[in-house]
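**Student:** The structure is given below, and queries will be raised subsequently.
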Amino acid sequence: MTNRIEHPIRIGIVGYGNLGKGVETGLTLHPDMELIGVFTRRNPEDVPSKSPVYRMTDLEQMKDRIDVLVLCGGSATDIPEQAPELQKDFTTVNAYDNHAEIPAHFDIINEVALQNNNVGVIATGWDPGLFSLNRLVAEAVLPKGDTYTFWGSGVSQGHSDAIRRIEGVKLGTQYTIPNETLIEDIKEGKEVAYTKTSSHKRVCYVVAETDADQAAIVESIKTMKDYFVGYETEVHFIDEDEYEKNHTGMPHGGRVIRRGYTDEETMAVYEFGLELGSNPQFTAAVSIAYARAAHRLYQEGNYGAKTVFDIAPAYLSPKTGAELRKELL
Ligand SMILES: NC(=O)C1=CN([C@@H]2O[C@H](COP(=O)(O)OP(=O)(O)OC[C@H]3O[C@@H](n4cnc5c(N)ncnc54)[C@H](OP(=O)(O)O)[C@@H]3O)[C@@H](O)[C@H]2O)C=CC1
Ligand SMILES: N[C@@H](C[C@H]1CC(C(=O)O)=NO1)C(=O)O
């Protein structure tokens, strides 16, 4: 692993939504990184950032001024469209979270990154991301057992982004509610049926456009592949005042539980949990650490697409290998 980087890592943010704001805020906590600018599809004057804001077309003449682009668009449509194109000219990091499509996204980014000798770290964040990593470790350590993932209660950015993309939806937030009884049964060692339907409920609050077809919106949500199909889902239509008053917070969290065995009958429970005051800010914090790793991998000539499974933890830290080894004691 390349030790400490000699100059700050120069970061560009693509897309200024909740996640983009989180990266902008989070970067101020990392002395080895600097924000070069925010890049948006909108008119820069319409973007409420105090940082330099550019049009996407400005990236063309800024290739030599940016080390890593953190792609903060929505996974439903933005990342699949933007990431392959931007990968031609930049090392990138994204928080792509359409789980079913991650293998395909990896292959697309890998081909472009190898053709252009750069790095594309995909599906960072917490799920996918740190939850994925912990599921891997838990299953490697406890090969005999079962793994359960629970999210919430809180706001899923991906699911909220997805409903906001539906025609006729002006504003939308999706809450994920875990089945706490099922969690208790798992921890008590009971036999459980863990399915989409049994494990979570999804509750959506939507502000519809004035002339929108509300029945069509409900149908679009409940039949949305990869996001809502299989889950018990509620859709509530509210006015903009109620939305702004009660549904703009973005707390979340969850836990990965591996109930395993270290012999035929001795049980071990591996649990990794998160309690997040701000889902987007934490997701941004993970993407920032992986932006550091992406730049190091680029400097080592270790090109191509990477997931959290492919990157040694030490690459995430600003500390040198020697400093980290002292912390093992
Ligand atoms: N892996 C993980 O654990 C997690 C992943 N995510 C992923 O992050 C993605 C982004 O989430 P989030 O930032 O909440 O999504 P937002 O809807 O806030 O932003 C998505 C994009 O929409 C555009 N946008 C934002 N605000 C406005 C506006 N007022 N008017 C017009 N366009 C706007 C921005 O692009 P532009 O500036 O170009 O207009 C922005 O990049 C989610 O879709 C999810 O997939 C999120 C949390 C966890
Ligand atoms: N990717 C998720 C992060 C977690 C949250 C979640 C859910 O509530 O279904 N699944 O994964 C997000 O966009 O918030």
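**Student:** How big is the shadow of the Cα convex hull of the range 154-250, averaged over all directions, in nm²?
**Tutor:** On the way: hull surface 26.2 nm².
Here the figure is 6.5 nm², rounded to one decimal.
**Student:** Then there is this: Relative contact order for the chain using alpha-carbon pairs under 8 Å, separation at least 6, rounded to a whole percent? Before the final figure, lay out each step's value.
**Tutor:** On the way: 651 pairs, mean separation 75.4, N = 329.
That works out to 23 percent.
**Student:** Report relative contact order for the range 154-250 in percent, whole number only (criteria: Cα-Cα under 8 Å, sequence separation at least 6).
**Tutor:** Values: 146 pairs, mean separation 30.9, N = 97.
Contact order relative to length: 32 percent.
**Student:** Let me ask something additional. Which ³J(HN,Hα) values, rounded to whole Hz and listed in residue order, are derived for the range 34-50 from phi using the Karplus coefficients 6.51, -1.76 and 1.60 in 6.51 cos²θ - 1.76 cosθ + 1.60 with θ = phi - 60°, glycine and proline given as x?
**Tutor:** Coupling constants for the range 34-50: 9, 8, 7, x, 9, 10, 9, 7, 7, 5, x, 5, 8, 9, x, 10, 8 Hz.
**Student:** Now for a different question. Residue by residue through the range 257-267, which ³J(HN,Hα) values in whole Hz follow from phi under the Karplus form 6.51 cos²θ - 1.76 cosθ + 1.60 (θ = phi - 60°), with glycine and proline marked x?
**Tutor:** Working through the residues one at a time gives 10, 10, 9, x, 9, 9, 8, 4, 9, 7, 7 Hz.
**Student:** Taking the chain as a Gaussian network, where each spring joins two C-alpha atoms under 10 Å apart, which residue of Gly74, Gly260, Gly154 fluctuates the most?
**Tutor:** Of the options given, Gly260 has the highest mean-square fluctuation.
**Student:** With +1 on each Lys and Arg Cβ and -1 on each Asp and Glu Cβ, and nothing else charged, work out how big the dipole of the chain is about its Cα centre, in Debye to the nearest 20. Intermediate values should be presented prior to the final figure.
**Tutor:** On the way: 32 positive and 49 negative charges, 183 e Å.
Using only the charged Cβ atoms, the result is roughly 880 debye.
**Student:** Considering only DSSP states other than H, G, I, E and B, which trypsin sites (Lys or Arg not before Pro) in the range 38-84 qualify as loop sites with at most 10 other Cβ atoms within 10 Å?
**Tutor:** Values: sites: Arg41, Arg42, Lys50, Arg55, Lys63, Arg65; in loops: Arg41, Arg42, Lys50.
Answer in residue order: Lys50.
**Student:** Let me ask something else about it. When only C-alpha pairs under 8 Å and at least 6 residues apart count, what is the relative contact order of the range 245-329, in percent? Can you show the working numbers first?
**Tutor:** Numbers: 65 pairs, mean separation 18.4, N = 85.
It rounds to 22 percent for the range 245-329.
**Student:** What is the list of residues in the range 134-160 whose amide nitrogen lies under 20 Å from a point 7 angstrom out from the Cα of Asp263, following Cα to Cβ?
**Tutor:** Output list for this probe position: 141-146.
**Student:** Taking H placed 1.01 Å from N in the peptide plane, check which residues at least 5 places from Tyr54 or on another chain put their amide H under 5 Å from its amide H.
**Tutor:** Val38, Phe39, Thr40
**Student:** To the nearest Å, what is the center-to-center distance of the range 23-80 and the range 285-318, using C-alpha atoms only?
**Tutor:** 19
**Student:** With helices defined as uninterrupted DSSP H runs, which ones in the chain have an alpha carbon span along their own long axis of at least 18 Å and mean Kyte-Doolittle hydropathy of at least 0.0? Each step should come with its number before you reach the end.
**Tutor:** On the way: long enough: 102-115 (20 Å, 0.65); 279-299 (30 Å, -0.11).
Both cut-offs are met by 102-115.
**Student:** Give a residue-ordered list of calculated ³J(HN,Hα) values for the range 305-319 (Karplus: 6.51 cos²θ - 1.76 cosθ + 1.60, θ = phi - 60°; whole Hz; x for Gly, Pro).
**Tutor:** For the range 305-319, the Karplus-derived couplings read 7, 9, 10, 4, 6, 9, 10, 4, x, 4, 5, 7, 8, x, 7 Hz, x marking Gly and Pro.
**Student:** Assuming 1.567 mPa s and 4 °C, estimate D for the chain with Stokes-Einstein, Rh taken as the Kirkwood radius over Cα pairs, in µm²/s.
**Tutor:** Translational diffusion coefficient: 61 µm²/s.
**Student:** Which percent of Cα pairs goes in each bin when the distances of the range 173-327 are cut into 10 angstrom slices starting at zero?
**Tutor:** The percentages, shortest bin first, are 8, 22, 27, 25, 15, 3, 0.
**Student:** Given Gly321, Ala291, Thr266, which one lies farthest toward the positive end of the charge dipole of the range 185-329, if we put +1 on the Cβ of every Lys and Arg and -1 on the Cβ of every Asp and Glu?
**Tutor:** Among Gly321, Ala291, Thr266, the one farthest towards the positive end of the dipole of the range 185-329 is Gly321.
**Student:** Based on the mean of other Cβ atoms within 10 Å per residue, sort peptides 137-144, 219-226 so the most packed one is first. Display every interim value, and only then the final one.
**Tutor:** Working: 137-144: 14.0, 219-226: 15.6.
Descending mean neighbour count gives 219-226, 137-144.
**Student:** Return the inverse of the average 1/r over all pairs of distinct C-alpha atoms in the range 2-134, which is the Kirkwood hydrodynamic radius, in Å to one decimal. Don't skip to the end; give the middle numbers.
**Tutor:** Details: mean 1/r = 0.0657 Å⁻¹.
Result for the range 2-134 stands at 15.2 Å.
**Student:** Would you please give the residues with an amide H less than 5 Å from that of Tyr148, counting only those at least 5 places away or on a separate chain, with H modeled from the backbone geometry?
**Tutor:** Ile257, Arg258, Arg259
**Student:** Continuing with this model, one more query. What is the set of long-range amide H partners of Ile9 at a cut-off below 5 Å, with H atoms built 1.01 Å from backbone N?
**Tutor:** HN-HN under 5 Å from Ile9: Met33, Glu34.
Read-outs throughout are calculated quantities, based only on the coordinates presented, and are distinct from any laboratory measurement. If you're wondering where the values come from, they're calculated on a predicted model, not measured in any experiment. Here the Cβ is made from the backbone with ideal geometry for all residues, glycine too, and neighbour counts use every protein chain on show.
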